[in-house]
Structures are given as structure tokens and as C-alpha cells.
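Right, one structure below, let's go through it.
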Amino acid sequence: MGKLSVSNSVRRGREFYQEVVAEIRKTSFPSRKETMGATGVVFVLVIMVSIYLAIIDMLLSRGMALILS
């Protein structure tokens, strides 16, 4: 286990910060059009899954009502 000093920790922290900044500069962010398209896809899928789950819930509720009545 190496000796840790305050100056070593500060140096390592500064190096880490510089590496993070360098990686963020390499990052490409989506355009507004791409973001809107992806949001639309997510919205449609959420609606589709909601409808599917509602149908399954309804069928299971009716099935349980038939079994218990």
C-alpha cells in the first residue's frame, strides 16, 4: 500500500478532472431533431406497452372474477 499524502491526492484529483474534461470534449451530443425523434419513439412505445398491460390486466381480472364467482 503506497503512501498517500495531501499533495499526491490533490495532484491525482487534478489529473482526474483534466481527464474528465478531455473526455467530455470528445463527446458528441444529439441534435434537436435526433432528440425529438428519440423522444417520439419512447412516447409511442410507452403508450403501446401501457395498452398491452391494460389488456392483460383486464383479461386477468375477468378470469379471476369467473374463477371466484
Number of the exception - S7 against (1) of a type outside the set (K, R); (2) at pLDDT below 95; (3) surrounded by 10 or more Cβ atoms within 10 Å (Cβ to Cβ)
(3)
Subset of region 32-69 (residues that are charged (D, E, K, R) and more than 31 Å from the chain's Cα centre (by Cα)):
R62
Within region 19-29, does at least one residue satisfy the condition of being at pLDDT 95 or above and more than 26 Å from the chain's Cα centre (by Cα)?
no
Kindly list, by first and then second residue, each pair from a residue in region 30-59 that is hydroxyl-bearing (S, T, Y) and in a helix (DSSP H, G or I) to a residue that is loosely packed, with under 10 Cβ neighbours inside 10 Å and modelled with pLDDT under 95, limited to pairs with Cβ atoms under 9 Å and residues at least 6 apart or on different chains.
T35/F29
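The values are calculated or read from the model by the stated rules, or taken from the named source; none is laboratory data. Keep in mind it's a predicted model, so treat the numbers as computed, not measured. Every residue, glycine as well, gets a Cβ built from its backbone with ideal geometry; the counts of neighbours run over all protein chains shown.
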